[in-house]
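Working notes for the structure below.
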Amino acid sequence: MAQRYRFGIEEFERLFQGVTGVELLDGEVYQMSPIGPKHALVVARLVKRLTEALGNQALVWPQNPVRLPPGSEPQPDIALLKPKDYWEALPSAEDILLLVEVSESSLDYDRNVKLPLYARSGIPEVWILDLSENRLHVFRHPKEGLYTEHRVLLPGEEAEPLHFPGVPIPWP
């Protein structure tokens with residue numbers, strides 16, 4: 001009989017070190033969608049805009065893992081982190097100011113698998129940029145595993161990170 005197996009973060013890191021395109025969510029390994037040119041360009045633009053707007057006030061962490069114990073190590077498209085040295089350990093929920101997911105073919109996965117994980121982990125703000133509908137979904141204020149605020153921004157509306165009010169960020 002086949003048996004389901006859940007990975008811990010340390011075991012995942014040991015077994016999948018150097019393997020691209022996989023992430024650990026709630027103990028299960030997921031193969032990530034391939035990154036297409038539109039997705040890559042949007043991430044690059046957002047990284048540039050966030051870096052220019054925030055300077056040294058935050059660290060822009062593109063397409064790198066974050067640790068969300070007990071059993072998750074997702075790779076959001078962009079994480080905006082508290083400025084500190086992450087040389088010894090990956091950032092954890094306490095370090096994260098904002099996560100951004102750019103969704104071209106992964107909207108359902110980002111909304112129904114990753115977003116609840118982020119809320120349960122206490123991530124204060126998540127942006128999901130839906131490229132197919134050209135909408136930016138802004139989720140804020142997690143409580144009991146759900147985000148209590150959800151706003152939808154339309155093209156031309158700028159987003160302001162929760163931790164940086166008055167700092168508008170244009171999005172594609």
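The values are calculated or read from the model by the stated rules, or taken from the named source; none is laboratory data. Source: prediction; values computed, not measured. In this analysis, Cβ positions are derived from the backbone assuming ideal geometry, glycine residues included, and neighbour counts consider all displayed protein chains. What goes into the accessible areas is simple: the full protein's heavy atoms, side chains included, and nothing from ligands, DNA or RNA. Shrake-Rupley method; radii C 1.70, N 1.55, O 1.52, S 1.80 Å.
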Checking LEU24, LEU99 in turn, the sole residue that is touching a residue at least 40 places away in the same chain (Cβ under 8 Å), surrounded by 14 or more Cβ atoms within 10 Å (Cβ to Cβ) and part of a strand (DSSP E or B) turns out to be LEU24
Inside segment 129-148, the number of residues satisfying the requirement of being more than 18 Å from ALA93 (Cβ to Cβ) and assigned to a strand (DSSP E or B) is 6
Within segment 52-69, identify whether any single residue is within 20 Å of THR148 (Cα to Cα) and of a type in the set (A, V, I, L, M), and answer yes or no.
no
Within segment 101-158, restricting to residues that are more than 14 Å from the chain's Cα centre (by Cα) and of a type in the set (Gly, Ala, Ser), the one that is farthest from ILE169 (Cα to Cα) is GLY145
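Closer than 23 Å to PRO37 by Cβ, touching a Leu at 6+ places or on another chain (Cβ under 9 Å) and open to solvent by 10 Å² or more (accessible area, probe 1.4 Å): which single residue out of ARG120, ARG135, ARG67, ARG151 fits that description? Step through it out loud before you land on a result.
Details: ARG120 fails: closer than 23 Å to PRO37 by Cβ; ARG67 fails: closer than 23 Å to PRO37 by Cβ; ARG151 fails: closer than 23 Å to PRO37 by Cβ.
Exactly one residue qualifies, and that residue is ARG135.
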Within segment 102-117, residues surrounded by fewer than 16 Cβ atoms within 10 Å (Cβ to Cβ) and either touching a Pro at 6+ places or on another chain (Cβ under 8 Å) or acidic (Asp, Glu) (or both) come out as ASP108
Checked segment 114-172 for anything of a type in the set (Phe, Trp, Tyr) and without any contact (Cβ under 8 Å) to a residue 60 or more places away in the chain; matches are TYR118, TRP127, PHE139, TYR147
Residues of segment 63-89 being over 20 Å from ALA119 (Cα atoms) and not hydroxyl-bearing (Ser, Thr, Tyr), in sequence order, are PRO83, LYS84, ASP85, TRP87, GLU88, ALA89
Going through segment 52-93 in order, the residues found to be outside any loop (DSSP other than H, G, I, E, B) and either over 12 Å from the mean Cα position of the chain (by Cα) or of a type in the set (Ser, Thr, Tyr) (or both) are GLU52, ALA53, LEU54, GLY55, ASN56, GLN57, LEU59, SER72, SER92
(1) touching a residue at least 40 places away in the same chain (Cβ under 8 Å); (2) more than 14 Å from the chain's Cα centre (by Cα); (3) surrounded by 15 or more Cβ atoms within 10 Å (Cβ to Cβ); (4) more than 30 Å from GLU158 (Cβ to Cβ) all hold for VAL29 apart from (1)
- Can you spot a residue in segment 75-87 that is exposed (fewer than 14 other Cβ atoms within 10 Å of the Cβ) and among the hydrophobic types (A, V, I, L, M, F, W, C)? yes
Residues that are small (Gly, Ala, Ser), open to solvent by less than 70 Å² (accessible area, probe 1.4 Å), in contact (Cβ under 8 Å) with a residue 60 or more places away in the chain and touching a Lys or Arg at 6+ places or on another chain (Cβ under 9 Å): does segment 50-64 have at least one? yes
